[in-house]
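One structure is given below, encoded as structure tokens.
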């Protein structure tokens with residue numbers, strides 16, 4: 001790795017830790033809000049985007065976004081993704097120590113699988129320099145964005161169908177993490193587009209001449225609102241882990257399509273790349289969907305009041 005790669009790696013770690021600090025503030029704000037529901041979007045937006053503590057977390061997250069833009073001008077997505085994921089240890093440690101959240105053996109195994117998956121994806125890059133200033137056109141971007149919006153909307157609204165009621169079981173946060181992860185993954189893909197244009201044509205071109213900044217902001221608003229519902233009802237360690245799995249896998253999968261970062265030409269490296277995607281998918285499938293009494297320790301107090 002050259003000096004630019006090392007600086008980019010440091011910035012990538014900083015960006016993700018800053019992100020997670022913002023998520024911690026979101027988690028604290030969640031318990032001070034009324035019950036949020038995806039079937040009441042206007043109420044969801046009003047109580048989220050007018051809460052001063054949540055807005056403080058948003059400022060922290062935006063600081064992470066600015067740091068990530070700088071990191072992505074120095075690193076290809078296939079190298080940045082494992083670095084982003086490595087910082088997940090920070091949020092797992094914080095959730096366990098300060099929120100008393102506990103993970104089951106199956107959940108730890110799923111997280112370990114995802115760690116192996118991201119290592120495979122990072123190694124599959126080989127020694128090739130694949131940084132590029134190329135960005136895809138609006139049609140290709142729409143082909144990625146539209147299905148993601150529809151999928152996230154289904155999860156957002158559908159999550160409330162069975163989340164409440166006399167016989168409802170507490171959700172473990174997989175659906176909320178996946179839905180918000182898809183939205184935030186698209187936002188991060190768009191941030192890579194902003195970074196590519198910024199590195200070549202400057203800030204004005206990056207902000208005004210492409211759809212990427214608007215996609216980044218719009219999908220972030222959608223994803224963060226959905227994330228807040230998950231943080232209010234479920235363990236942060238599960239929601240944020242699944243969010244990271246979904247978002248970073250999306251980065252590695254669609255990055256080559258949008259930014260012409262080539263797939264490995266070597267057969268072994270290609271197998272590693274595909275194996276990484278397969279293990280990430282398996283990790284998502286293996287996460288338990290509902291909480292048991294033992295795992296419910298550490299659930300937000302607000303949810304306990306709602307279910308009482």
Practice prompt. Confirm whether residue 144 is surrounded by 14 or more Cβ atoms within 10 Å (Cβ to Cβ), assigned to a helix (DSSP H, G or I), modelled with pLDDT of 85 or more and over 14 Å from the mean Cα position of the chain (by Cα).
Written response: yes
Discussion item. If a residue must be farther than 22 Å from residue 19 by Cα and in a helix (DSSP H, G or I), how many such residues does region 32-59 contain?
Written reply: 4
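At pLDDT below 80 and surrounded by fewer than 21 Cβ atoms within 10 Å (Cβ to Cβ): which single residue out of 274, 203 fits that description? Write out each step before concluding.
Working: 274 fails: at pLDDT below 80.
So the residue among 274, 203 that is at pLDDT below 80 and surrounded by fewer than 21 Cβ atoms within 10 Å (Cβ to Cβ) is 203.
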Practice prompt. Inspect all residues belonging to region 49-56 and state whether any of them is under 18 Å from residue 230 (Cβ atoms), modelled with pLDDT of 90 or more and under 17 Å from the mean Cα position of the chain (by Cα).
Written response: no
Worksheet item: Among the residues of region 8-18, is there at least one that is in contact (Cβ under 8 Å) with a residue 12 or more places away in the chain and more than 20 Å from residue 91 (Cβ to Cβ)?
Response: yes
Discussion item. So residue 99 passes all but one of these: (1) in contact with a helix residue (DSSP H, G or I) (Cβ under 8 Å, 6 or more places away or on another chain); (2) under 22 Å from residue 218 (Cα atoms); (3) modelled with pLDDT of 85 or more. Which condition number does it fail?
Written reply: (2)
Response to the item:
Among the residues of region 262-280, the number that are within 18 Å of residue 249 (Cβ to Cβ), assigned to a loop (DSSP other than H, G, I, E, B) and without any contact (Cβ under 8 Å) to a residue 60 or more places away in the chain is 1
Practice prompt. Take region 206-218 and flag every residue that is modelled with pLDDT under 80 and assigned to a helix (DSSP H, G or I).
Written response: 206, 207, 208
Discussion item. Looking at (1) modelled with pLDDT under 85; (2) buried (at least 21 other Cβ atoms within 10 Å of the Cβ), which one does residue 1 not meet, given that it meets all the others?
Written reply: (2)
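So which of 53, 36 ends up being surrounded by fewer than 19 Cβ atoms within 10 Å (Cβ to Cβ), more than 30 Å from residue 269 (Cβ to Cβ), touching a residue at least 24 places away in the same chain (Cβ under 8 Å) and in contact with a helix residue (DSSP H, G or I) (Cβ under 6 Å, 6 or more places away or on another chain)? Walk me through it before giving the result.
On the way: 36 fails: surrounded by fewer than 19 Cβ atoms within 10 Å (Cβ to Cβ).
When all the criteria are applied, what remains is 53.
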Worksheet item: Is there a residue being modelled with pLDDT under 85 and surrounded by fewer than 20 Cβ atoms within 10 Å (Cβ to Cβ) anywhere in region 7-19?
Response: yes
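The values are calculated or read from the model by the stated rules, or taken from the named source; none is laboratory data. If you're wondering where the values come from, they're calculated on a predicted model, not measured in any experiment. Using ideal geometry, Cβ is built from the backbone for each residue, glycine included, and neighbour counts are taken over all protein chains shown.
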